[in-house]
Amino acid sequence: MKTPPKAPVLCLDGPSGSGKGAVGQRCALRLGWHYLDSGAIYRALAYRLRQAGVDPVDERAALAIAGTLEVECLPRPDDSAAVLVQGVDVGAALRSEDVGDTASRLAADAAVRDAVLAAQRRARRPPGLVADGRDMGTTVFPDATLKIFLTASLQVRVQRRYKQLKLKGFSVNLPDLFRTIQERDARDARRRASPLVAAEDAVTLDTSDLEIDEVASRILDLLQPRLVRTRAHGTGIANASADTDSRDSGKS
Ligand code: C5P
(Lines give C-alpha, C1' and ligand atoms only; values in the text may rest on other atoms or scores of the structure.)
Protein backbone atom coordinates (compact mmCIF):
# COMPACT_ATOMS: atom_id res chain seq x y z
CA MET A 1 0.00 0.00 0.00
CA LYS A 2 1.24 3.50 -0.85
CA THR A 3 2.10 5.71 2.14
CA PRO A 4 -0.26 8.70 2.20
CA PRO A 5 1.50 11.96 1.31
CA LYS A 6 2.51 14.17 4.21
CA ALA A 7 0.59 17.38 4.79
CA PRO A 8 2.50 20.59 3.97
CA VAL A 9 4.22 22.43 6.83
CA LEU A 10 5.20 26.05 7.26
CA CYS A 11 7.87 26.42 9.98
CA LEU A 12 8.45 29.70 11.80
CA ASP A 13 11.45 29.70 14.12
CA GLY A 14 13.18 32.50 15.98
CA PRO A 15 13.95 34.06 19.37
CA SER A 16 11.41 35.38 21.92
CA GLY A 17 9.41 38.34 20.67
CA SER A 18 10.41 37.93 17.03
CA GLY A 19 6.71 37.68 16.13
CA LYS A 20 6.43 33.91 15.53
CA GLY A 21 3.24 33.47 17.55
CA ALA A 22 1.30 36.39 16.08
CA VAL A 23 2.51 35.78 12.53
CA GLY A 24 1.97 32.03 12.86
CA GLN A 25 -1.62 32.47 13.95
CA ARG A 26 -2.39 34.92 11.13
CA CYS A 27 -0.85 32.55 8.59
CA ALA A 28 -2.74 29.55 9.99
CA LEU A 29 -6.06 31.40 9.90
CA ARG A 30 -5.51 32.69 6.38
CA LEU A 31 -4.50 29.28 5.12
CA GLY A 32 -7.15 27.39 7.10
CA TRP A 33 -4.36 25.16 8.45
CA HIS A 34 -3.69 23.70 11.88
CA TYR A 35 -1.43 25.62 14.24
CA LEU A 36 1.26 24.37 16.61
CA ASP A 37 2.82 26.70 19.18
CA SER A 38 5.62 24.34 20.20
CA GLY A 39 6.76 26.70 22.96
CA ALA A 40 3.36 26.09 24.57
CA ILE A 41 4.29 22.41 24.96
CA TYR A 42 7.39 23.28 26.99
CA ARG A 43 5.41 25.92 28.87
CA ALA A 44 2.60 23.42 29.59
CA LEU A 45 5.15 20.99 30.95
CA ALA A 46 6.66 23.70 33.18
CA TYR A 47 3.20 24.73 34.32
CA ARG A 48 2.12 21.20 35.23
CA LEU A 49 5.35 20.53 37.13
CA ARG A 50 4.95 23.76 39.09
CA GLN A 51 1.32 22.88 39.82
CA ALA A 52 2.41 19.48 41.09
CA GLY A 53 4.98 21.20 43.31
CA VAL A 54 7.81 19.34 41.60
CA ASP A 55 11.24 20.86 41.04
CA PRO A 56 11.35 21.40 37.27
CA VAL A 57 14.91 20.12 37.03
CA ASP A 58 13.63 16.72 38.20
CA GLU A 59 14.07 14.97 34.84
CA ARG A 60 12.22 11.82 35.85
CA ALA A 61 9.09 13.79 36.86
CA ALA A 62 9.35 15.92 33.72
CA LEU A 63 9.54 12.82 31.52
CA ALA A 64 6.57 11.17 33.26
CA ILE A 65 4.41 14.23 32.54
CA ALA A 66 5.86 14.83 29.06
CA GLY A 67 4.77 11.35 27.99
CA THR A 68 1.11 12.05 28.82
CA LEU A 69 0.93 15.68 27.70
CA GLU A 70 -1.88 16.48 25.27
CA VAL A 71 -1.62 20.00 23.90
CA GLU A 72 -3.84 21.56 21.25
CA CYS A 73 -3.43 25.11 19.95
CA LEU A 74 -6.29 27.05 18.41
CA PRO A 75 -5.26 30.26 16.63
CA ARG A 76 -7.30 33.42 17.20
CA PRO A 77 -7.53 36.60 15.10
CA ASP A 78 -6.22 38.69 18.02
CA ASP A 79 -3.19 36.37 18.26
CA SER A 80 -4.13 35.09 21.74
CA ALA A 81 -4.19 31.40 20.82
CA ALA A 82 -6.16 29.08 23.05
CA VAL A 83 -3.84 26.39 24.40
CA LEU A 84 -5.68 23.31 25.59
CA VAL A 85 -3.68 21.13 27.96
CA GLN A 86 -5.50 17.85 28.57
CA GLY A 87 -8.55 19.59 27.05
CA VAL A 88 -8.49 22.64 29.37
CA ASP A 89 -7.59 26.12 28.08
CA VAL A 90 -4.65 27.34 30.17
CA GLY A 91 -3.36 29.72 27.50
CA ALA A 92 -3.17 32.81 29.71
CA ALA A 93 -1.49 31.03 32.66
CA LEU A 94 1.29 29.81 30.37
CA ARG A 95 2.38 33.27 29.30
CA SER A 96 4.14 34.44 32.49
CA GLU A 97 7.90 34.98 32.23
CA ASP A 98 8.40 32.58 35.17
CA VAL A 99 6.74 29.77 33.23
CA GLY A 100 8.72 30.79 30.12
CA ASP A 101 11.97 30.65 32.05
CA THR A 102 11.21 27.20 33.51
CA ALA A 103 10.16 26.04 30.05
CA SER A 104 13.50 27.13 28.63
CA ARG A 105 15.38 25.18 31.35
CA LEU A 106 13.34 22.05 30.66
CA ALA A 107 13.79 22.51 26.92
CA ALA A 108 17.58 22.29 27.29
CA ASP A 109 17.20 18.61 28.32
CA ALA A 110 17.62 16.30 25.31
CA ALA A 111 15.49 13.53 26.87
CA VAL A 112 12.62 15.96 27.48
CA ARG A 113 12.86 17.17 23.88
CA ASP A 114 12.73 13.58 22.64
CA ALA A 115 9.68 12.92 24.80
CA VAL A 116 7.67 15.72 23.17
CA LEU A 117 8.85 15.12 19.60
CA ALA A 118 6.08 12.66 18.67
CA ALA A 119 3.36 14.96 20.03
CA GLN A 120 4.69 17.77 17.84
CA ARG A 121 4.83 15.60 14.73
CA ARG A 122 1.25 14.37 15.33
CA ALA A 123 0.09 17.95 14.74
CA ARG A 124 1.01 17.56 11.05
CA ARG A 125 -2.41 16.87 9.55
CA PRO A 126 -4.20 17.86 6.33
CA PRO A 127 -4.78 20.41 5.00
CA GLY A 128 -1.49 21.65 6.52
CA LEU A 129 0.34 22.89 9.61
CA VAL A 130 1.89 26.17 10.66
CA ALA A 131 4.42 25.35 13.40
CA ASP A 132 6.30 27.92 15.44
CA GLY A 133 9.21 27.48 17.84
CA ARG A 134 12.99 27.20 17.90
CA ASP A 135 13.70 23.91 16.10
CA MET A 136 10.70 23.35 13.87
CA GLY A 137 12.77 23.60 10.69
CA THR A 138 15.98 22.02 12.00
CA THR A 139 14.71 19.00 13.97
CA VAL A 140 10.95 18.50 14.05
CA PHE A 141 10.01 19.03 10.40
CA PRO A 142 13.27 18.97 8.41
CA ASP A 143 11.27 18.30 5.21
CA ALA A 144 8.98 21.35 5.70
CA THR A 145 7.49 23.08 2.67
CA LEU A 146 8.90 26.42 3.79
CA LYS A 147 11.15 27.39 6.71
CA ILE A 148 11.23 30.96 7.96
CA PHE A 149 13.58 32.32 10.61
CA LEU A 150 12.17 35.48 12.18
CA THR A 151 14.43 37.99 13.89
CA ALA A 152 14.05 41.48 15.36
CA SER A 153 16.31 43.75 17.41
CA LEU A 154 16.48 42.99 21.13
CA GLN A 155 14.89 46.39 21.92
CA VAL A 156 11.90 45.66 19.70
CA ARG A 157 11.49 42.13 21.02
CA VAL A 158 11.53 43.24 24.65
CA GLN A 159 9.02 46.03 23.94
CA ARG A 160 6.69 43.56 22.19
CA ARG A 161 6.85 41.09 25.04
CA TYR A 162 6.32 43.93 27.54
CA LYS A 163 3.12 45.00 25.75
CA GLN A 164 1.86 41.40 25.49
CA LEU A 165 2.41 40.75 29.20
CA LYS A 166 0.78 44.07 30.22
CA LEU A 167 -2.20 43.31 28.02
CA LYS A 168 -2.61 39.97 29.76
CA GLY A 169 -2.57 41.67 33.16
CA PHE A 170 0.91 40.58 34.33
CA SER A 171 2.94 43.12 36.29
CA VAL A 172 6.24 43.60 34.48
CA ASN A 173 9.48 45.36 35.23
CA LEU A 174 11.11 46.43 31.97
CA PRO A 175 14.80 46.06 33.04
CA ASP A 176 14.01 42.60 34.51
CA LEU A 177 12.25 41.57 31.32
CA PHE A 178 15.20 42.78 29.26
CA ARG A 179 17.53 40.61 31.32
CA THR A 180 15.33 37.47 31.35
CA ILE A 181 14.75 37.59 27.60
CA GLN A 182 18.45 38.03 26.94
CA GLU A 183 19.27 35.11 29.27
CA ARG A 184 16.58 32.88 27.82
CA ASP A 185 17.71 33.53 24.24
CA ALA A 186 21.34 32.89 25.19
CA ARG A 187 20.38 29.59 26.88
CA ASP A 188 18.24 28.54 23.89
CA ALA A 189 21.04 29.35 21.44
CA ARG A 190 23.84 27.75 23.50
CA ARG A 191 22.20 24.43 24.42
CA ARG A 192 23.42 21.25 22.75
CA ALA A 193 19.98 19.77 22.03
CA SER A 194 18.30 21.46 19.07
CA PRO A 195 19.69 24.96 19.71
CA LEU A 196 17.97 28.07 18.45
CA VAL A 197 19.53 28.41 15.00
CA ALA A 198 18.22 29.08 11.50
CA ALA A 199 17.98 25.97 9.33
CA GLU A 200 20.41 26.08 6.39
CA ASP A 201 17.50 26.29 3.97
CA ALA A 202 15.49 28.85 5.99
CA VAL A 203 14.56 32.31 4.72
CA THR A 204 15.45 34.93 7.37
CA LEU A 205 13.09 37.88 7.85
CA ASP A 206 13.82 40.81 10.16
CA THR A 207 10.45 41.92 11.56
CA SER A 208 11.72 44.94 13.56
CA ASP A 209 10.02 47.49 11.31
CA LEU A 210 7.17 45.38 9.95
CA GLU A 211 3.53 44.94 10.99
CA ILE A 212 2.26 41.43 11.68
CA ASP A 213 0.04 41.32 8.59
CA GLU A 214 2.88 42.51 6.39
CA VAL A 215 5.14 39.71 7.65
CA ALA A 216 2.32 37.16 7.18
CA SER A 217 1.72 38.37 3.61
CA ARG A 218 5.41 38.11 2.70
CA ILE A 219 5.56 34.59 4.08
CA LEU A 220 2.41 33.45 2.28
CA ASP A 221 3.80 34.93 -0.96
CA LEU A 222 6.91 32.78 -0.47
CA LEU A 223 4.83 29.71 0.38
CA GLN A 224 2.42 29.86 -2.55
CA PRO A 225 4.83 28.88 -5.37
CA ARG A 226 6.23 26.06 -3.24
CA LEU A 227 2.77 24.61 -2.74
CA VAL A 228 2.10 24.84 -6.47
CA ARG A 229 5.46 23.21 -7.23
CA THR A 230 4.82 20.39 -4.78
CA ARG A 231 1.40 19.84 -6.36
CA ALA A 232 3.02 19.69 -9.80
CA HIS A 233 5.39 17.02 -8.53
CA GLY A 234 2.34 14.98 -7.62
CA THR A 235 2.90 14.54 -3.92
CA GLY A 236 -0.82 14.71 -3.36
CA ILE A 237 -1.08 17.96 -1.45
CA ALA A 238 -3.16 19.55 -4.20
CA ASN A 239 -6.11 20.06 -1.89
CA ALA A 240 -4.08 22.00 0.63
CA SER A 241 -2.69 24.10 -2.18
CA ALA A 242 -6.10 24.72 -3.75
CA ASP A 243 -7.38 25.61 -0.31
CA THR A 244 -4.63 28.18 0.01
CA ASP A 245 -5.38 29.59 -3.45
CA SER A 246 -9.01 30.21 -2.61
CA ARG A 247 -8.64 31.36 1.00
CA ASP A 248 -5.70 33.57 0.24
CA SER A 249 -7.05 35.40 -2.78
CA GLY A 250 -8.02 38.45 -0.76
CA LYS A 251 -4.82 38.79 1.22
CA SER A 252 -3.33 42.20 1.84
O1 C5P B 1 8.21 30.46 22.37
P2 C5P B 1 8.08 30.45 23.84
O3 C5P B 1 8.63 31.66 24.53
O4 C5P B 1 6.69 30.16 24.29
O5 C5P B 1 8.96 29.19 24.31
C6 C5P B 1 9.27 28.97 25.67
C7 C5P B 1 10.60 28.23 25.73
O8 C5P B 1 10.42 26.91 25.19
C9 C5P B 1 11.72 28.84 24.90
O10 C5P B 1 12.48 29.80 25.60
C11 C5P B 1 12.57 27.65 24.52
O12 C5P B 1 13.51 27.37 25.51
C13 C5P B 1 11.58 26.50 24.51
N14 C5P B 1 11.26 26.08 23.15
C15 C5P B 1 12.15 25.21 22.55
N16 C5P B 1 11.85 24.70 21.32
C17 C5P B 1 10.75 25.05 20.70
C18 C5P B 1 9.85 25.97 21.28
C19 C5P B 1 10.15 26.48 22.52
O20 C5P B 1 13.20 24.89 23.09
N21 C5P B 1 10.48 24.52 19.50
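For segment 121-134, the criterion of being within 14 Å of the chain's Cα centre (by Cα), within 13 Å of the ligand (Cβ to nearest atom) and farther than 23 Å from residue 185 by Cα is met by at least one residue.
Give 140, 130, 116, 88 a once-over and let me know the one that is of a type in the set (A, V, I, L, M) and over 23 Å from residue 202 (Cβ atoms).
88
You will find that of 10, 31, the residue that is touching a residue at least 24 places away in the same chain (Cβ under 8 Å) and under 11 Å from the mean Cα position of the chain (by Cα) is 10 and no other. Within segment 104-134, the set of residues being crowded, with 21+ Cβ neighbours inside 10 Å and either in contact with a strand residue (DSSP E or B) (Cβ under 7 Å, 6 or more places away or on another chain) or more than 18 Å from residue 66 (Cα to Cα) (or both) comprises 120, 123, 128, 129, 130, 131, 132, 133, 134. Every condition in (1) within 16 Å of the ligand (Cβ to nearest atom); (2) assigned to a helix (DSSP H, G or I) is met by residue 217 except one, and the failing one is (1). For segment 165-211, the set of residues classified as surrounded by 12 or more Cβ atoms within 10 Å (Cβ to Cβ), over 17 Å from residue 155 (Cα atoms) and within 12 Å of the ligand (Cβ to nearest atom) consists of 187, 188, 189, 191, 193, 194, 195, 196, 197, listed by residue number. Checking each residue of segment 238-252 against the condition of being crowded, with 17+ Cβ neighbours inside 10 Å and either farther than 27 Å from residue 78 by Cα or modelled with pLDDT of 95 or more (or both) gives no match.
The values are calculated or read from the model by the stated rules, or taken from the named source; none is laboratory data. Owing to the predicted nature of the structure, the values given are computational and were not obtained by experimental measurement. With ideal geometry, Cβ positions are generated from the backbone for all residues, glycine too; neighbour counts draw on all protein chains shown.
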